[in-house]
2 protein chains.
Amino acid sequence: MTSRPALAPARSVDDHRQRIEDLLRPLASRDTERVPMAQALGRRLAEDVYAPLDLPVFRNSSMDGYAVRAESVASVPVTLPLAGVVAAGNPGENPLPEGAAMKVMTGAPIPPGADCVVPVEDTDGDGATVTIGKSRAAGDFVREPGTDVRAGDLLVAAGTVVAPRHVAALAAVGLGELTVTRRVRAAVLTTGDELMPAGTALQPGQIYNSNGLALAAALTDNGVEVVSVGHSTDDPARFRQVLAEAVAAADVVFTSGGVSKGDFEVVKDVLADAGGEFGSVAVQPGGPQGLTVVDGVPVLSFPGNPVSTVVSFEVFARPVLRWLAGLPEIRTAELELREAVRSPAGRRQFLRGRVRGDGVELVAGPGSHLIATMANADVLIDIPAEVTELPAGARVWVRWL
Amino acid sequence: MTSRPALAPARSVDDHRQRIEDLLRPLASRDTERVPMAQALGRRLAEDVYAPLDLPVFRNSSMDGYAVRAESVASVPVTLPLAGVVAAGNPGENPLPEGAAMKVMTGAPIPPGADCVVPVEDTDGDGATVTIGKSRAAGDFVREPGTDVRAGDLLVAAGTVVAPRHVAALAAVGLGELTVTRRVRAAVLTTGDELMPAGTALQPGQIYNSNGLALAAALTDNGVEVVSVGHSTDDPARFRQVLAEAVAAADVVFTSGGVSKGDFEVVKDVLADAGGEFGSVAVQPGGPQGLTVVDGVPVLSFPGNPVSTVVSFEVFARPVLRWLAGLPEIRTAELELREAVRSPAGRRQFLRGRVRGDGVELVAGPGSHLIATMANADVLIDIPAEVTELPAGARVWVRWL
């Protein structure tokens with residue numbers, strides 16, 4: 001007997017990721033929604049926001065002190081009659097009599113006729129008069145309207161991810177709501193007769209379903225709204241039903257399991273019929289991958305081994321999801337490998353690693369079932385497809401989980 | 001007339017920040033709560049979590065293939081009778097007859113008596129027999145129970161901030177809920193007769209209240225739960241009432257405004273009576289600061305200029321709040337200043353800057369009212385207290401907003 005014919009050449013990691021990005025990038029033009037300012041934090045602004053008014057709104061004092069005409073304090077010390085007090089919030093419409101002073105608080109309007117403020121530290125007031133010890137030039141401690149922003153100026157551009165500093169600026173011009181792009185909506189759908197939810201007593205042959213919670217957490221962590229986390233047995237009719245619900249509710253669907261070479265590959269069987277591409281990507285873990293568009297909704301099918309699911313998400317989906325959410329790119333670095341590694345020829349390998357100083361050490365072996373051990377990893381170590389072994393001390397690229 | 005006596009020497013930025021850290025650090029031992037896994041993401045685990053069971057739970061196949069005894073495939077090709085099929089989820093309790101093969105799917109139990117798996121790629125089956133083209137050693141493609149984690153092993157340590165990879169591991173051992181430290185609860189309380197909420201038409205002398213929304217956003221962004229955002233006029237009775245509500249609901253209260261040298265400093269007037277320390281910190285912006293403990297709750301009082309409020313939060317509160325939330329430290333870097341700056345003697349200055357390549361340029365001037373302009377900044381430039389001018393090209397430390 002001879003071995004079966006060789007598999008068709010596997011697709012490269014970059015090619016597969018690019019196909020997924022091509023499918024998901026159009027979600028950048030998804031719907032917008034109007035939300036209260038507090039809910040806009042971390043969301044992408046959907047439209048340019050122009051200042052509806054000048055800031056400062058009116059001429060005001062930057063100090064607690066006395067508003068005067070500069071000419072009245074040209075020669076000091078000088079004692080001036082006190083013509084009133086302007087607190088912040090006062091209309092400040094009473095003009096300054098010639099040769100007098102008016103007490104002003106920080107942020108209070110400068111009375112008409114005054115052209116500078118003498119800080120309270122340089123004065124001595126008794127309630128009826130004030131003695132001023134220091135000359136000031138016109139404009140000193142006066143904030144002119146529109147010197148921060150002018151009505152009609154662009155304040156924050158469309159596409160900006162709203163940070164606290166934007167909230168400060170947008171609130172200062174009186175905005176209470178913003179139009180933002182809604183989050184990408186994802187549905188998660190795990191498959192496998194053997195998977196049981198938390199809290200059940202396992203029967204022989206059963207394991208707990210970690211992929212549903214893990215994918216949901218990874219999506220949430222990358223700015224995606226998880227609209228449902230479903231599960232299907234390996235029964236095709238059941239899978240079709242749960243898939244239809246997921247497709248109806250989400251912009252993108254993630255499945256796990258059922259894509260390999262076994263006899264009961266429900267995801268591959270159903271979705272290949274629906275025009276999906278199922279095949280091998282030259283990567284470990286996570287080789288068997290599927291990609292289907294159902295009713296316009298991309299369905300990404302990851303293998304079911306827990307580590308394969310997590311790594312597939314990291315490598316194929318996370319970069320474009322972060323871009324869609326406006327989050328920073330995944331952090332990468334070149335570090336020194338602390339121990340030798342072997343890697344299969346022709347497959348790009350992502351090993352779980354832990355950064356120590358400027359080096360990286362392995363966390364357990366390559367087995368794609370080592371999900372508990374993976375909790376100790378903080379990076380994936382990226383071993384190129386053509387590399388079969390690396391000595392301790394070699395430089396490797398890592399990407400943070 | 002002479003100037004007033006010099007102010008008492010101002011406290012340094014580091015001293016004031018240290019005092020705030022000393023007040024807030026005890027919040028690390030705040031209450032815990034039991035939450036569903038999905039809500040635990042990003043929270044601090046409150047207790048060590050030990051694996052309640054082995055992973056893998058049972059001996060299972062890492063490939064789709066045929067479970068055999070290695071001795072049956074020592075000489076190949078060999079054709080063996082097919083004694084059954086074990087799908088994932090099957091109990092897998094039927095033993096392998098001597099000299100036979102059983103088909104097994106990935107994750108399915110290894111039948112008693114089998115000691116290795118031949119991957120389907122190296123076989124040719126007809127439903128009644130299977131012809132095996134490659135020898136295998138005992139243990140090949142078999143995952144032994146407990147090789148990922150053993151029941152009783154520490155899985156994730158107390159204090160860990162729950163990331164998706166922890167969710168994956170914790171879900172894999174069947175956990176559906178976690179005990180986490182609750183978020184720090186903060187109340188925000190703005191003051192000032194001149195401040196109006198969004199959506200109102202401004203009267204002369206009034207401005208929009210940006211500090212409430214800006215502080216709330218900054219707190220949320222740093223892992224804090226904002227339990228209330230209140231406002232008080234400059235009336236002490238009103239302030240006392242709103243403050244009492246804030247103190248009753250929160251672990252820490254942030255006030256803005258009312259701490260300076262004006263006639264109507266409601267925050268300083270009320271809280272100094274309650275034992276608060278109010279004085280000057282050698283910093284620009286944000287010099288006037290207050291710190292009070294009311295009924296055991298720290299009350300941090302920031303000045304009311306919008307930029308002063310934001311910078312006070314960044315410099316004095318954000319580092320310890322991130323530490324309490326388990327978030328990474330604020331990113332800092334030494335960059336080249338793209339233009340000359342001047343700075344007041346004896347005061348550490350935080351200028352708003354924008355990073356361009358490996359340099360940093362100024363965003364507007366030092367005025368603490370320039371809140372709209374601040375939307376364009378991504379860093380604070382940290383100018384030491386003793387520095388009064390720096391040429392273009394000087395190296396400066398920046399901290400990301």
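Key figures
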{"item": "Unique residue being buried (at least 23 other Cβ atoms within 10 Å of the Cβ) and within 14 Å of chain A (Cβ to nearest Cβ) when the list is B:Val259, B:Val227, B:Val283, B:Val252", "result": "B:Val259"}
{"item": "Selection from region B:126-164 of residues that are surrounded by fewer than 22 Cβ atoms within 10 Å (Cβ to Cβ) and among the acidic types (Asp, Glu)", "result": "B:Asp126, B:Asp140, B:Glu144, B:Asp153"}
{"item": "Residues of region B:89-116 classified as within 12 Å of chain A (Cβ to nearest Cβ), touching a residue at least 24 places away in the same chain (Cβ under 8 Å) and not hydroxyl-bearing (Ser, Thr, Tyr), total", "result": "9"}
{"item": "Answer residue from region B:289-307, given it is modelled with pLDDT of 95 or more and of a type outside the set (A, V, I, L, M, F, W, C) and is nearest to B:Glu21 (Cα to Cα) among those", "result": "B:Pro298"}
{"item": "Residue check, B:Ala172 more than 8 Å from chain A (Cβ to nearest Cβ) and aliphatic (A, V, I, L, M)", "result": "no"}
{"item": "Whichever residue in region A:105-123 is modelled with pLDDT of 95 or more and either surrounded by fewer than 17 Cβ atoms within 10 Å (Cβ to Cβ) or among the hydrophobic types (A, V, I, L, M, F, W, C) (or both) and, among such residues, is farthest from B:Glu265 (Cα to Cα)", "result": "A:Gly113"}
{"item": "Strands (runs of 3 or more DSSP E) lying entirely in region A:118-213 (those with 2 or more residues that are under 30 Å from A:Pro319 (Cα atoms))", "result": "A:154-156, A:177-181, A:185-191"}
{"item": "Complete set of residues in region B:286-299 that are crowded, with 23+ Cβ neighbours inside 10 Å and either polar (S, T, N, Q) or touching a Gly at 6+ places or on another chain (Cβ under 8 Å) (or both)", "result": "B:Pro288, B:Gln289, B:Thr292, B:Val299"}
{"item": "Among (1) out of contact with any helix residue (DSSP H, G or I) (no Cβ under 7 Å at 6 or more places or on another chain); (2) modelled with pLDDT of 95 or more; (3) closer than 22 Å to B:Leu175 by Cα - the single one B:Tyr66 does not satisfy", "result": "(3)"}
{"item": "B:Val167 vs. criteria within 7 Å of chain A (Cβ to nearest Cβ), surrounded by 16 or more Cβ atoms within 10 Å (Cβ to Cβ) and modelled with pLDDT of 95 or more", "result": "yes"}
{"item": "Which listed residue is of a type in the set (Gly, Ala, Ser) and assigned to a loop (DSSP other than H, G, I, E, B), from B:Gly279, B:Gly262, B:Gly230", "result": "B:Gly262"}
{"item": "Number of the condition not met by A:Asp269 [criteria: (1) surrounded by fewer than 24 Cβ atoms within 10 Å (Cβ to Cβ); (2) away from chain B (no Cβ under 14 Å); (3) free of Cβ contacts under 8 Å to residues at least 60 places away in the same chain]", "result": "(2)"}
{"item": "Considering residues of region A:60-88 that are in contact (Cβ under 8 Å) with a residue 60 or more places away in the chain and aliphatic (A, V, I, L, M) only, the residue surrounded by the most Cβ atoms within 10 Å (Cβ to Cβ)", "result": "A:Val68"}
{"item": "Of all residues in region A:199-213 being in contact with a Pro (Cβ under 9 Å, 6 or more places away or on another chain) and farther than 13 Å from B:Gly176 by Cβ, the one that is surrounded by the fewest Cβ atoms within 10 Å (Cβ to Cβ)", "result": "A:Gln203"}
{"item": "Evaluation of B:Ala216 against (1) over 25 Å from the mean Cα position of the chain (by Cα); (2) within 8 Å of chain A (Cβ to nearest Cβ) (one fails), failing number", "result": "(1)"}
{"item": "Residue within region B:12-35 that is within 12 Å of chain A (Cβ to nearest Cβ) and surrounded by fewer than 14 Cβ atoms within 10 Å (Cβ to Cβ) present", "result": "no"}
{"item": "Given (1) under 30 Å from B:Val297 (Cβ atoms); (2) more than 11 Å from chain A (Cβ to nearest Cβ); (3) of a type in the set (S, T, N, Q), index of the condition B:Ser135 fails", "result": "(1)"}
{"item": "Number of the exception - B:Ala51 against (1) facing chain A (nearest Cβ under 9 Å); (2) surrounded by fewer than 16 Cβ atoms within 10 Å (Cβ to Cβ); (3) among the aliphatic types (A, V, I, L, M)", "result": "(2)"}
{"item": "Residue match in region A:313-330 (condition: farther than 30 Å from A:Arg43 by Cα and at pLDDT 95 or above)", "result": "no"}
{"item": "Pair list, Cβ < 8 Å and 6+ apart or interchain, from region A:276-289 residues that are closer than 14 Å to A:Thr255 by Cβ and touching a residue at least 40 places away in the same chain (Cβ under 8 Å) to residues that are assigned to a loop (DSSP other than H, G, I, E, B) and of a type in the set (S, T, N, Q)", "result": "A:Gly286/A:Ser368"}
{"item": "Restricting region B:175-198 to residues that are within 7 Å of chain A (Cβ to nearest Cβ) and crowded, with 24+ Cβ neighbours inside 10 Å, the residue that is nearest to the chain's Cα centre (by Cα)", "result": "B:Gly192"}
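The values are calculated or read from the model by the stated rules, or taken from the named source; none is laboratory data. All values reported here derive from a predicted model rather than from experimental measurement. Counting neighbours? That spans all protein chains shown, and the Cβs are built from the backbone with ideal geometry, glycine included.
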